[in-house]
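Report on one structure; see the data block that follows.
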Amino acid sequence: MHPENQKHDFEPKIIAFVCTWCTYAGADLAGTSRMQYPANVRVLKFPCTGRIDPVFILKAFQQGADGVLVSGCHPGDCHYIAGNYHARRRFAAFRKLLEFIGVDLGRLAFSWVSAAEGGKWVEVVTDLTEKVRAMGPMVEFKALALEEQWSGAIDTPELQEAYDAI
Amino acid sequence: MSRIGVFICHCGENISRTVDVERVAQEVGRLPGVAFSTDYKYMCSDPGQTLVKKAIQEQKLSHVVVAACSPRMHEKTFRKAVEAAGLNPFLCEMANIREHCSWVHENREEATVKAIDIVGMMVERVKKNRILPTITVPVTKRALVIGGGIAGIQAALDIADCGHEVILVEREPSIGGHMAQLSETFPTLDCSQCIMTPKMVDVANHPKIKLYTYSEIELVEGYIGNFQVTIKKKARSVDEDKCTGCGVCMTKCPQKKIPNKFDQNIGMRTAIYVPFPQAVPNTPVIDRDNCTWFKTGKCGVCQKVCGPGAIDFEQQDTLIVEAVGAIVVSTGFDLYTIAEKPKGSPIKGYGEFGHGKIPDVIDGMTFERLASASGPTGGKILRPSDGKEPKQIVFIQCVGSRAREKGISYCSKVCCMYTAKHTMLYHHKVHDGQAYVFFMDARTPGKSYDEFWRRSIEEEEAVYIRGMVSRLYQKGDKIVVMGSDISVGVQVEIEADMVVLATAIQPQKGADALAQKLGISYDKYHFYSEAHAKLRPVECATAGIYLAGACQGPKDIPETVSQASAAAAKVMALFSRNQMEREPIVARVREAGCVGCFACKKVCAYGAVEEKEIRDRQGNLIKVVAYVNPGVCAGCGTCQATCPSKSVELDGYTDEQIIAMIEAL
Amino acid sequence: MGKPLNYSYYPGCSLHASASEYDLSTRELFNVLGIGLTEVPDWFCCGATPAHNVDELLSLALCAKNLELADKVEGDMAVACASCFSRLKTAQHVLGVSDVKRTQVEKAIDAPVKLDSNVKHLLEILAKDLGLERLAAAVNKPLSGLKVACYYGCLLTRPSDVPNLDCAEAPTIMEKVIEAVGAETVAWTHRLECCGANFTLSRPGVVIQLTNAVLESAKAAGADCIMVGCPLCHGNLDIRQKEIEGVYNTSYGLPVFYLTQLIGISVGLGADKLGLDAMMVNPMPLLKEKGLL
Amino acid sequence: MIKKKMIISQETMDVDFVRKVEALAGTSVRRCFQCGKCSAGCPMATFMEHPPNRIMRLLQLGQWQRVLAGRSIWYCVSCETCTTRCPNTVDLASIMDALRKLSWDSDGASKESYVQLANKLFLQNIRTYGRQYEMRLAAVFNVKSGQFLKDLMLGPKLIAKGKLKMFHSKNKNISEIEKIFTRIEEMRKKGDAL
């Protein structure tokens, strides 16, 4: 059976941050080649992975994304010479941080997909979607957001004490 | 409050087949800020564009979102239309619901929901778009051509004939490229040298062409209209101004047994050499790896015999910077080799054909040198192993090409024709010999091409065998060819005297490294990518850089020449203007927030970030901040993601815009 | 000296019968070289060619079962027979790429499939794990003057991405190993051509024709003997040699050694420890002539 | 030999059969572009009525009856030369395995009998003994194939050399082999495996 036609209980929300020169073009190629992949992904286009601020990833998780994909040109192929190298370094550090705050790193994928790799785009998107589907919804940040709302008031003596001490 | 207009395209049925476009228009129409929303069969058509323009005027729209194909396809089209209606073009965005939605999903419900999301994202984004003024830059009317084969020569001559200066850079000591190596050319069998060398001389004599041979591109900076190119001129060890090209040095050089690459290593040359007699320039080069002087410090015969005193052992590599407005890349091809490949290379050699260790198994280019009147055998077909004339010769097509097992799946396009030519040349030269060709199918589209192939069979008596060869091995002084004839359905064995392999055409070695210097993209084989396969076949996606010849994909001579002239025409169109507009996607610094840490400067690959002093009225220095030169900035945005105080912003991709999109989900 | 080498040893069915000299010489040689071999307890037949020929699932299940059994013994898996080696490697390859087949096999053997163990042919152990230098150091009777035709046959190297022993079209591992113990090797055309393998039972006529071509090529190249790493190749080249000579009215007289027998001679093992008497083409005259026994 | 005309239509091209072959072999049939390199290097091609490339062609056309009726698939010796050299990375050796299996299942589709008999006996031996019992294999094969005198002279020599064992010891864990066989049979009965 075609994976598209299968019904699932949980449809994860996947956000993809891609560069315009390689991965966006690769995703276009998947389209012109009429390849098929799960409809869960929403693509945001950037000039270069170098432009992608880790804050965007946090923001995406906060907005209810269950998985985030960051994809750009292969190392050495950056349209802007070296943007993807800077991105790679930045995200290597960022992953550690995410791990530290307790986000399952399986929800965050990095890949290199060139303009010629429509098939790889399909593979990467399908893999991440299925992986995240198996992991279930992302609850960590949603809970945090909720907590954020009601903890606005200082309603315990301990908190008041801590607040005064600052 | 913004008044956004949303235009949903059916793209014939390409989108509407899987996406319920009417529902998308309805739902998006309800979003805050959307004043108008509609769908239409072909939004990019003239009536479609008119619809957009009319809506902008009648509905007093402030922003536009067109939901259709990829922005890579039609963003320019719609931004132009929006501009014509009086809006700033950067207030128009495209939502890609074709390549990223209707074409990749089958389920109508899912695709429609996704399309609504995509359009919704773009609606939120466009609200935050700002008016961006176009940036104009001056155009330097000089062109750089990289690679001096027939493609580069043609492009250089065309541009120069139009009155513009051209800088032609060639890696080898002479221009001419592979075409200079060929014996005769299909389908007319005219001699390659006879048609090639006059053009080479034209290049040398053209007042508008500056020729750098034995030189390579070191660095490319800048952008369309304003490139700075650093060229490394390798030490020739011969002063080009003094040398008269008399050639005495070469006759006296004691090192005479160096395999000549131009002759596919079957002919020999001296250590001081020109690759072939008709070389342009006719100035020799000293091959320092093989020269006795450079190896031992003794000899110097060439220096002693050189009348004008042109030999200069002390010469160094020099770097030259040239300013150009456009670049034509014409670096050509290289031949696949059946030899074992180094570990890590995706391309495998042919162990079943002996990994290049059977001496009389040669490639097509080597056969060209054997057949060439100016080649190492004077045009006689002789075996490299023992110099005997082969009486049974086997040609094998598609070696490397169309072999995904070896790492190459494309067709090399020219082999069918040149092998047919080889059988003819062989038949003309060895009257009592027999040529056999193992092939899968003959690909001969082109004017007079199929007739040429048929002639090789019907008149020149080549025996074509439909089927591939499994293995070649040496048995005595014969080469056993284990093949099959699939038309008959039997195995075929031929004891051949010589085997010629039509090996695949690949991009030049180092094509990827050059592409990285130029900032142009290439495919997995390292062929350079054109901006659009059909409509922009000679332009790179990087503005101001054009492609000609086999560096973009396998091509024969007529096609290469056509593309070279086309690339030249593109360059001339660019040079017809004094100023040109460029996309205003550049970074800007918010000076109030900048603390002058210059992290942005460190990550900028273009050197676009400068230091700017801010002084008070008395002239006292307040602080030093970053400044982005909009002429140099390429718009990658790495600086913005790096800036710790969020004081630099990339126009068109601001944090505000991105966050708006994420929040729309 | 590096760390001690220890392997789980999978001899395969032939080594317990028609190729018993291969088994004997392997154990003796490895003993001399200080390489530990522990036989996989209660190993089963790998299914060989007949199983995968008509029932891939059975073939994969048998191999998976053996891999599971071998897992209980410490060390990588040492395999002597080229056919067993090929089957085990193929099973690892197929079960690694196909989830469907892996699930089926797990049901069939009622156990999880273990794919991480290293399956190694004896050649690999000698050439890479022990290393040619250490092998050469163990030699006390170099095979000088002995011209060996190394016969790879089919299954040691093919297809390219499965056994990963050496290049499928231009392998050198056998030559390197036997040159390390002092022998000469000959360049010949049929070292990778098929001998007919298990058709020896069902279609001996085919085997005679194919094996003859192999023997003819080795002889033409001036070889004194042939070296193999596969009991099936050995069976066809050695046991059927006399018959082939009769059919083609010729004489080859080429002794066919297992690699462990030849290397065994070079480290000073005697004929009785190498099972030389089990060979159908008598190697004694050749070995005496070369001063090796 | 009379060759029947091939009537090609969606009905006569059995796509399901081809899909089954592809599933078993884990390789694509359509990928073959008929270069004939497999046939050129096949050691057994001269014994086959359809050379390997033609087997692929017939499969592409869904004409499995023509493939299975012949002896070609049973003359494949699994040397893997075709798979190794195929420019399109078609695993033809595995396709041959799949075809033999499907022929085997359809019971006697091919006229070839010796190879099938040898295979059958070989597998029976594994089921009974856990390991191969060469003496019994050869003897039973000769009896069943009616070639009582085949390799008659060879047998005693081999026994003398210790190459044929008269007796064979069973594995201690022999029940496990039987379980593997029955589990596979059950899976097939339930349709969980091809």
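According to the square roots a ≥ b ≥ c of the eigenvalues of the Cα gyration tensor, what is the shape class of the stretch D:113-190, taking rounded for a/c under 1.5, prolate for a/b larger than b/c otherwise, and oblate for the remainder? Cα axes put the stretch D:113-190 in the oblate bin.
Once C-alpha pairs closer than 8 Å and six or more residues apart are averaged by separation and normalised to the residue number of chain B, the relative contact order reads 13 percent.
Once you reduce the stretch A:79-133 and the stretch C:12-89 to the center of their Cα atoms, the two points are 43 Å from each other. Computed as a quarter of the hull surface, the mean projected area of the alpha carbon convex hull for chain B stands at 38.4 nm².
Taking Cα centre as origin and charging only the Cβ of basic (Lys, Arg, +1) and acidic (Asp, Glu, -1) residues, the dipole magnitude of the stretch B:336-506 rounds to 680 debye.
Please give the calculated 222 nm ellipticity per residue for chain B, where each DSSP H segment of at least 4 residues contributes -39500 (n - 2.57) and the sum is spread over every residue; nearest 500 deg cm²/dmol? Value at 222 nm, helices only, nearest 500: -8000 deg cm²/dmol. Based on alpha-carbon centroids, what's the gap between the stretch B:303-343 and the stretch B:249-268 in Å, whole number please? Distance between centres, Cα-based: 18 Å. Under the rule a/c < 1.5 gives rounded, and otherwise a/b versus b/c splits prolate from oblate, where does the stretch B:4-127 land using the Cα gyration tensor? Judged from the Cα gyration tensor, the stretch B:4-127 comes out prolate (a/c at least 1.5, a/b above b/c). Per-residue mean of foreign Cβ neighbours for B:70-77 is 3 (Cβ atoms of other chains, 10 Å radius). Each principal axis of the Cα cloud of chain C was taken in turn, and the coordinate range along them, longest first, works out to 57, 49, 32 Å. Report the local net charge at B:G637: Lys and Arg +1, Asp and Glu -1, summed over other residues whose C-beta lies under 14 Å from its C-beta. Residues close to B:G637 contribute a combined charge of -1.
Of the peptides B:6-13, C:163-170, the order by per-residue mean of other Cβ atoms within 10 Å, starting with the highest, comes out as B:6-13, C:163-170. Of the listed pairs C:K288/D:K161; D:K111/D:K144; B:K357/C:K128; A:K131/B:K524; B:K261/B:K509, which have alpha-carbon separations greater than 18 Å here? Cα-Cα > 18 Å for C:K288/D:K161; B:K357/C:K128; A:K131/B:K524; rest within.
For the peptides B:167-177, D:57-67, the ranking by packing is B:167-177, D:57-67, with the highest mean count of neighbouring Cβ atoms within 10 Å listed first.
Here the stretch D:15-107 is treated as a sphere whose radius is the Kirkwood value from Cα pairs; by Stokes-Einstein at 25 °C and 0.890 mPa s it diffuses with a coefficient of 192 µm²/s.
Just checking the listed ones, C:G229, C:G253, C:G264: in the Gaussian network model of chain C with Cα springs under 10 Å, the one fluctuating most is C:G253. Per-residue ellipticity at 222 nm computed for chain D from its helices equals -15500 deg cm²/dmol, with DSSP H segments shorter than 4 residues left out and the rest contributing -39,500 (n - 2.57). Within the stretch B:336-506, antiparallel bridges make up roughly 45 percent of the DSSP beta bridges whose residues both belong there. Take each residue in B:599-611, count the other chain C-beta atoms within 10 Å of its C-beta, and the mean is 2. Relative to the longest principal axis of the Cα atoms of chain B, helix B:71-84 runs at roughly 50 degrees. Does the stretch B:386-473 come out rounded, prolate or oblate by the C-alpha gyration tensor, with a ≥ b ≥ c the root eigenvalues, rounded set by a/c under 1.5 and, if not, prolate when a/b is larger than b/c and oblate if not? Here the stretch B:386-473 falls in the oblate category. Size of the stretch B:336-506: Rg and Dmax of its alpha carbons, in Å, are 15.3, 46. Using a Gaussian network model of chain D in which every pair of alpha carbons under 10 angstrom is joined by a spring, one finds that among D:A138, D:A160, D:A45 the greatest mean-square fluctuation is at D:A160.
Computed about its Cα centre, the charge dipole of chain B is approximately 1160 debye, with only Lys, Arg, Asp and Glu carrying charge at their Cβ. Using the Cα coordinates of the stretch D:49-194, the gyration tensor eigenvalues translate into equivalent-ellipsoid semi-axes of 31, 22, 15 Å, sorted from longest to shortest.
Summing Lys and Arg as +1 and Asp and Glu as -1 over all other residues whose Cβ lies under 10 Å from the Cβ of C:G153 gives a net charge of +1. Taking packing as the residue-averaged number of other Cβ atoms within 10 angstrom, the listed peptides B:429-441, B:607-619 run from highest to lowest as B:429-441, B:607-619. Beta bridges from DSSP with both residues in the protein assembly as shown: antiparallel share about 40 percent, rounded to the nearest 5.
For B:S70, neighbours were defined as the other residues whose beta-carbon sits under 13 Å from its Cβ, and their charges (Lys and Arg +1, Asp and Glu -1) total 0. For B:F395, the amide hydrogen comes within under 5 Å of the amide hydrogens of B:Y436, B:V437, B:F438, B:V500, counting only partners 5 or more places away or on other chains and with H modelled in the peptide plane. Normalised by the number of residues in chain D, the average gap of Cα pairs under 8 Å and 6 or more apart makes the relative contact order 18 percent.
Scaling against 2.2 N^0.38 Å puts the C-alpha radius of gyration of the protein assembly as shown at 1.07.
Neighbour counts of C-beta atoms inside 10 Å place B:D263, B:D334, B:D477, C:D71 in the sequence B:D477, C:D71, B:D334, B:D263, starting with the fewest. Dividing the helix sum by the residues of chain C, where each DSSP H run of 4 or more adds -39500 (n - 2.57), gives a mean residue ellipticity at 222 nm of -12500 deg cm²/dmol. Inter-chain neighbour count for C:191-197: the average number of beta-carbon atoms from partner chains within 10 Å of each residue's beta-carbon is 5.
FYI, it's all coordinate maths here, none of it is from the lab. A quick note: this is a predicted structure, and the numbers were derived from the prediction, not measured. Because the Cβ atoms are built from the backbone with ideal geometry, glycine has one as well, and the counts that use them run over all protein chains shown.
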